[in-house]
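The values are calculated or read from the model by the stated rules, or taken from the named source; none is laboratory data. What you are looking at is a predicted structure, and each value in this text was computed from that prediction instead of being measured. Neighbour counts run over all protein chains shown; Cβ positions are idealised from the backbone, glycine included. Side chains included, ligands, DNA and RNA excluded: accessible areas come from the protein's heavy atoms. Shrake-Rupley method; radii C 1.70, N 1.55, O 1.52, S 1.80 Å.
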Amino acid sequence: MPPFCPAPTRWTTRPGPDSDKQFLPIASYRIGAYAPAGVQIWAGRIDYYRYLNEVEGGINGVQIVWQECETEWTAEKGVECYERNKFGLNGAPVPSYFPNGAPAAYALSDRALQDKIPQVTLAYGRTEAADGTVFPYIFPVVLTFYSEASVLINYIAQQEGGLDKLKGKKIVTLYHDSAYGRETIEPLKLLSDKYGFEDIQIPFADPGSEQSAQWRQIRQIKPDWVFIRTWGVSTPVAIKTAQRFGIPANRIIGDVWASSEEDVLPAGDAAKGYLALTPYPAGANFEIHKRLKQYIIDTGKSDLRDTKNFGSVYYNSGLVDAVIGVEAVRQAQKKFGNRPITGEEGQWGLENLNIDDARLKENGFYGLLQNLKLSCADHEGGGAAKVQQWDGTKWNLVSDWVHADRELLWPLIKAKSAAYAKEKGITPRDCSKEQ
């Protein structure tokens, strides 16, 4: 930019031939260590967009356009992709941005407000961003890591006969020694203090391809339950090493990012009985899958390389990503009209999003996505997960939605967001004045 040109206060969509369309960019990773998961996620998103365009006529008549940008799940390339996509595509504006990876999400967190483009992180990202008064343009929707910790404890309590039965139990958390892995330390300590279970935290170094020392320690502890907060290769390594040290798979519960077919298939027989939390359970028997099978899968239009992955955990996570982005546009259209939605308008749509059972039955996602109600103050909105168990060939649901105790967790979140606001010199919004 020449020195005499004033810097814009925010980026705007450039005019173009597709200004009557809605751009939903895909920050993908089809290259690198996480590609096996990524190819299914993007297939779920693209299949849903194709279905909407070809069967339902778009979003209230507005056609969707999309474009992938390869991030390799890195912060540097994730930022490059954001900068490339934030202006829109041929005039089609961006209503929200899914960075699709913790490195990029953290690197981009300050730009969301600067550029007035909401950043959506589903089941990952900054937990404190659930406080919309401090983070007006960041949305860690459906399930934060704090809620995940509470769901875990509530599920264990169900198995043990009640929250009062947790006292004296030993619950080990084996976690990736990173910002991601450490996210549940604070809420688990709070829950341990409240319910009296022994909270034991054991880290392992990236990439987690050797865990013998950790599982030897776990065996010596003789835990009642083990929670593994792994990702990528470290998950099957954990499951196989646990078997070597005599820890039964049905007493191990994986977190959201250790809940896919890619996590258990490499572990072979060791994974039979393994449990995992998920906000998007596996399965192709939901209503949306019946529609997709008829119009996309059976007609050869799917983005899946192998349709045996139709209904896999990662494919379904792509569907959930897509429907949240689409429903936010739909909500914004109620105020701004049935036209393409900009980032600022998308932020309003997200803060007024209310996906209830009736809507989930209409769009085909009942049972696959929980009720989701966001607001100015609450950017998470859900706070529940289901528990599924691996039988050696497929995942089976062993619970309905298990809800977090969000009221108990909220003071922790507010304290964390207040610290961030103080560090950044942010004055929190007064949501009572927001319309």
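In nm, give the distance between the simple-model label positions of I426 and N396, each being 7 Å from the Cα along the Cα-to-Cβ direction.
So the label points at I426 and N396 sit 4.5 nm apart.
Could you report the chain's accessible area per residue, 1.4 Å probe, as an integer in Å²?
Ligands and nucleic acids excluded, the result is 40 Å² per residue.
Cα axis of helix 406-424 to longest principal axis of the chain: angle in degrees, 0 to 90, nearest 10?
60 degrees
With axes computed from alpha carbons, what is the tilt in degrees of helix 75-85 against the longest principal axis of the chain, rounded to the nearest 10 within 0 to 90?
So the helix axis and the longest Cα principal axis differ by about 30 degrees.
Compute the long axis of helix 212-221 from its Cα atoms, compare it with the longest principal axis of the Cα atoms of the chain, and write down the angle in degrees, 0 to 90, nearest 10.
60 degrees
About the Cα centre, and with charges only on the beta carbon of Lys, Arg (+1) and Asp, Glu (-1), how big is the dipole of the chain? Nearest 20 debye, please. Numbers along the way, then the final one.
On the way: 49 positive and 53 negative charges, 49 e Å.
Computed about the Cα centre, the dipole is about 240 debye.
From the list (i) 26.8; (ii) 24.3; (iii) 21.3, can you say which value of mean projected area of the Cα convex hull in nm² was derived from the structure given?
(iii)
Treat every Asp and Glu Cβ in segment 241-345 as -1 and every Lys and Arg Cβ as +1, leave all other atoms uncharged, and give the resulting dipole magnitude about the Cα centre to the nearest 20 debye.
The dipole magnitude comes to about 300 debye.
How large is the dipole of segment 76-203 about the Cα centre if only Lys and Arg carry +1 and Asp and Glu carry -1, each at its Cβ, rounded to the nearest 20 debye?
Dipole size: approximately 160 debye.
By accessible area of protein heavy atoms, probe 1.4 Å, what ranking do H176, H403 get, highest first?
Of H176, H403, the descending order of accessible area is H403, H176.
Can you give the percent of C-alpha pairs in segment 238-299 whose distance is more than 13 Å?
Details: 1258 of 1891 pairs.
It works out to 67 percent of all Cα pairs.
Whenever you get a sec, compute what percent of the accessible area on segment 209-322 sits on carbon and sulfur atoms (1.4 Å probe). Don't jump to the answer; show the numbers that get you there.
Details: 1980 of 4350 Å².
Carbon and sulfur together cover 46 percent of it.
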